[in-house]
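Report on one structure; see the data block that follows.
The values are calculated or read from the model by the stated rules, or taken from the named source; none is laboratory data. Because the structure is a prediction, the values reported are computed rather than measured. All Cβ positions, even for glycine, are placed from backbone atoms using ideal geometry, and neighbour counts span all protein chains on display. Surface accessibility is based on the protein's heavy atoms, side chains included, excluding ligands, DNA and RNA. Shrake-Rupley method; radii C 1.70, N 1.55, O 1.52, S 1.80 Å.
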Amino acid sequence: MLRVDHLSKTYGSGATATQAIKDLSFEIQAGEFVCIVGPSGCGKTTLLKTMSGLLEPTSGTVELGGKRVTGPPEQMALVFQDYSRSLYPWMTVAANVEFPLRKRGSKTERRGAVAQALESVGLDGFGDKYPWQLSGGMQQRVAIARGLAYRPEILLMDEPFASVDAQTRADLEDLVLKIRHDYGVTILFVTHDIDESVYLADRVVILSQRPTVVQETLDVPLPRPRDQVATKELPEFAHLRAHVYRAIKRPDSVAAPAGVA
Amino acid sequence: MNAKKLALEIVTPLLVIALIWWWTSGAESYYYPPLGDIFRAFADTWVFERFSADVLPSLGRLAAGYVIAAVLGIALGVVLGRQPTLRRMATPIVEFLRAIPAPALIPFAILVLGVENDAKIFLIAVVCVFPILLNTIDGVAGVEPTLLDTTRVYRIGRLDRLRYVVLPAAAPQIFAGLRTSLSLSLILMVISEMVASSNGIGYFILQSQRSFAITEMWSGILLLGLLGYLFNAVFTLVERRVLAWHIGARAGAQ
Ligand SMILES: Nc1ncnc2c1ncn2[C@@H]1O[C@H](COP(=O)(O)OP(=O)(O)OP(=O)(O)O)[C@@H](O)[C@H]1O
Ligand SMILES: [Mg+2]
């Protein structure tokens with residue numbers, strides 16, 4: 001469904017150029033939950049921005065449903081890393097969620113979609129509040145609800161839980177799994193948290209340090225539904241987690257043959 | 001606490017008035033007539049004897065100049081704020097024009113636009129446009145990039161983006177510019193009316209002085225002070241409404 005083909009991205013040019021992504025290729029099937037893990041600063045945000053058509057790749061292509069992405073596609077929503085900068089502070093929670101739907105359906109239909117989205121993230125009754133009146137975790141839920149109400153086929157999420165506390169984070173992880181189950185949406189989830197990636201994903205794409213390439217792609221055959229305690233107790237979980245950890249920490253020992261030119 | 005603050009804000013001005021009253025009523029000074037006389041002259045002159053002769057023309061010019069400045073400043077500011085290349089090209093020109101002391105333009109304005117309203121409106125607009133323009137440019141250029149990315153991801157059209165994202169995001173700065181220009185507009189109104197004019201509050205003050213009607217002159221000055229105070233109060237009220245989100249968000253961040 002979504003194909004990234006020999007993608008590279010360099011910021012700037014000349015002496016000050018930063019090569020954020022060297023060469024990335026991978027594919028996501030419809031309905032899949034894919035996590036991308038990689039060290040801080042390896043270009044994960046850059047990758048998502050390029051995939052969503054916000055940035056132009058320096059070379060390579062992104063294809064969605066066989067069509068090349070040149071600008072933000074209608075079937076795609078993106079939840080940003082920094083929720084506090086992505087919600088419109090002059091709009092209420094409900095208005096934030098409704099704003100992307102302006103051109104769709106009737107007022108009543110939109111209201112319905114907003115109410116449903118807010119309910120599925122556990123925020124019914126908060127529609128009249130302003131984002132800045134909510135906690136960080138709640139704000140991120142608003143951003144997720146906005147993405148959901150937009151009814152995308154694919155939802156990109158950029159380290160959405162990086163700045164919330166551990167308990168909230170666990171709740172939000174389960175919320176995303178539930179949403180994926182209820183809405184059947186394809187999810188590409190970026191994180192630098194190894195446990196999180198293994199807990200959530202069907203497949204984990206591990207990125208290397210810069211210059212960034214795909215280090216490894218790992219299937220996660222853990223049973224669903226997943227559970228914060230039971231799943232994480234499984235020996236397979238520990239095993240997968242250790243595998244990802246090693247791949248990130250000691251890249252050359254795992255993937256040396258493929259990466260050497 | 002709040003009642004105490006309010007009391008201080010009311011009591012202090014009253015004390016100052018009482019002090020001036022006491023000081024001027026004793027001294028038989030030609031330049032500083034008794035405050036009571038000034039109040040009486042104020043009532044006789046402005047309520048509503050010369051209201052339509054002087055106050056209305058003044059307010060009309062001020063409103064016209066200010067509105068023109070606001071519309072031009074915001075429109076141009078949005079364009080320049082969103083186009084870095086244009087902005088770079090325009091900056092030296094804007095800085096140069098802004099550096100010209102506006103009263104220097106009075107002879108030109110009178111020459112081209114005559115001694116009627118147009119020249120005065122022009123002068124007010126020319127001066128008031130710059131704070132609004134510069135603040136709008138800053139505000140628009142400084143809109144949080146993530147907000148704009150969000151707007152693009154959700155494929156919001158150009159007009160909606162302007163109306164619902166860019167302008168609200170820049171509103172705090174636009175309002176700062178509008179506030180600066182508001183006091184400038186009053187100043188420029190008076191200056192323009194003291195040169196080649198046949199009515200207006202500024203004209204009245206100058207005329208009173210020339211005909212040795214010092215009490216009336218003071219009543220005009222008093223009126224200007226009151227007008228400025230009133231404008232500011234109304235402006236603050238509007239600002240608090242429009243920027244309620246901004247004030248709330250800032251209070252929350254502390
Ligand atoms: N607009 C930009 N201009 C120049 N360099 C940039 C820009 N954005 C990002 N970079 C650089 O590109 C590299 C990748 O940045 P990016 O934000 O994509 O990393 P990330 O993996 O998302 O990091 P994090 O885990 O901290 O979110 C970094 O070295 C960063 O400094
Ligand atoms: Mg990032």
- Message: List residues of region A:54-72, by number, whose backbone nitrogen lies under 13 Å from a label position 7 Å along Cα→C-beta of A:THR10.
- Response: A:58-60
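For B:SER25 and B:LEU159, FRET efficiency with R0 = 56 Å and r from the beta-carbon atoms, rounded to 0.05? Display every interim value, and only then the final one.
Values: r = 62 Å, r/R0 = 1.10.
Efficiency for this residue pair is about 0.35.
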- Task: Would you mind telling me the antiparallel percentage of the DSSP bridges in region A:145-234, rounded to 5?
- Result: 50 percent
- Relative contact order (percent, whole number), region B:15-118, Cα cutoff 8 Å, 6+ residue spacing: 11 percent
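Longer than 22 Å from Cα to Cα, which of A:LYS22/A:LYS44; A:LYS22/A:LYS49; A:LYS44/A:LYS129; A:LYS9/A:LYS178; A:LYS9/A:LYS67; A:LYS9/A:LYS103 are they? Say none if no pair is. Each step should come with its number before you reach the end.
Working: A:LYS22/A:LYS44 12 Å; A:LYS22/A:LYS49 15 Å; A:LYS44/A:LYS129 32 Å; A:LYS9/A:LYS178 34 Å; A:LYS9/A:LYS67 20 Å; A:LYS9/A:LYS103 33 Å.
Table pairs above 22 Å Cα-Cα are A:LYS44/A:LYS129; A:LYS9/A:LYS178; A:LYS9/A:LYS103.
Once you average over the residues of B:162-175, how many Cβ atoms of partner chains fall within 10 Å of each Cβ?
Per residue, the number of nearby Cβ atoms from other chains is 1 on average.
A:THR58 to B:LEU56: FRET efficiency via 1/(1 + (r/R0)^6), r the Cβ-Cβ distance, R0 56 Å, to the nearest 0.05?
Values: r = 64 Å, r/R0 = 1.14.
After rounding to 0.05, the efficiency reads 0.30.
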- Note on the structure: With the charge dipole of the protein assembly as shown built from beta-carbon charges (+1 for Lys and Arg, -1 for Asp and Glu) about the Cα centre, the Cα from B:PHE204, A:PRO100, A:GLY122 projecting farthest to the positive end belongs to A:PRO100
- Message: Can you tell me which of A:ALA15, A:ALA230, A:ALA113 moves the most in a GNM of chain A? Springs connect C-alpha atoms under 10 Å apart.
- Response: A:ALA15
- Query: Relative to the first principal axis of the alpha-carbon coordinates of chain B, what is the inclination of helix B:117-141, with its axis defined by its Cα atoms, in degrees from 0 to 90 and to the nearest 10?
  - Reply: 40 degrees
- Note on the structure: Scalar couplings 3J(HN,Hα) for region B:165-172 by Karplus 6.51 cos²θ - 1.76 cosθ + 1.60 (θ = phi - 60°), nearest whole Hz, x for Gly and Pro, are 10, 5, 5, x, 5, 8, 4, x
- Query: Taking Rh as the Kirkwood radius, which is the inverse of the mean 1/r over Cα pairs, what is the Rg/Rh value for the protein assembly as shown?
  - Reply: 1.15
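Starting from 0.36 nm per residue, how many nanometres of slack lie between B:ARG241 and B:ARG40 once their C-alpha separation is accounted for? Intermediate values should be presented prior to the final figure.
Numbers: separation 201, 0.36 × 201 = 72.36 nm, distance 3.68 nm.
Computed gain between B:ARG241 and B:ARG40 is 68.7 nm.
Relative contact order for chain A: what percent, with Cα pairs under 8 Å and sequence separation of 6 or more? Mind showing how you got there, number by number?
Values: 472 pairs, mean separation 63.1, N = 261.
Here the relative contact order equals 24 percent.
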- What are the residues whose amide H is under 5 Å from the amide H of A:LEU156, where those residues sit 5 or more places off or on another chain and H is modelled from the backbone? A:ALA77, A:LEU78, A:VAL79, A:LEU188
- Query: With +1 on each Lys and Arg Cβ and -1 on each Asp and Glu Cβ, how big is the dipole of region B:133-254 about its Cα centre, in debye rounded to the nearest 20?
  - Reply: 400 debye
- Query: So what's the gap between the Cα centers of region B:47-73 and region B:184-254, to the nearest angstrom?
  - Reply: 11 Å
- Acute angle (nearest 10 degrees) that the helix B:214-242 long axis makes with the longest principal axis of chain B, alpha-carbon atoms: 30 degrees
- With x for Gly and Pro, the residue-by-residue ³J(HN,Hα) of region B:90-101, computed from phi through the Karplus equation 6.51 cos²θ - 1.76 cosθ + 1.60 at θ = phi - 60° and given in whole Hz, is 7, 3, x, 5, 4, 5, 5, 4, 5, 6, 6, x
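Using a Förster radius of 60 Å, what is the FRET efficiency between A:ARG151 and B:ALA104 based on their Cβ-Cβ separation? Nearest 0.05, please. Spell out each step's value before the answer.
On the way: r = 61 Å, r/R0 = 1.01.
Given R0 = 60 Å and the Cβ-Cβ separation, E is 0.50.
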- Message: With a 1.4 Å probe, what is the total accessible area buried between chains B and A, in Å² rounded to the nearest 100?
- Response: 2200 Å²
- Task: Report, in degrees rounded to the nearest 10, the 0 to 90 angle that the Cα long axis of helix A:136-149 makes with the longest principal axis of chain A.
- Result: 80 degrees
- Across B:150-161, the residue-averaged tally of Cβ atoms belonging to other chains within 10 Å stands at 6
- Message: Which order do the peptides A:101-111, B:48-58 come out in when sorted by mean C-beta neighbours inside 10 angstrom, highest first?
- Response: B:48-58, A:101-111
- Long-range amide H partners of A:LEU207, meaning residues 5 or more apart or on another chain whose placed amide H is closer than 5 Å, are A:VAL37, A:GLY38, A:GLN215
- Item | Unit charges on C-beta of K, R, D, E only; dipole of region A:87-151, Debye | 300 debye
- Other chains' Cβ within 10 Å of A:87-93 residues: what's the mean? 6
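Dipole magnitude of chain A about its Cα centre, charges +1 at Lys/Arg Cβ and -1 at Asp/Glu Cβ only, in debye to the nearest 20? Walk me through the numbers on the way to the answer.
Details: 30 positive and 31 negative charges, 139 e Å.
Taking the Cα centre of chain A as origin, the dipole is about 660 debye.
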- Task: Place a label point 7 angstrom from the Cα of A:ASP174 along the Cα-to-Cβ direction, then list the residues of region A:212-239 whose backbone nitrogen is under 16 Å away.
- Result: A:224-233
- Note on the structure: Under a 1.4 Å probe, counting only protein heavy atoms, A:GLU153 has an accessible area in Å², nearest 10, of 100 Å²
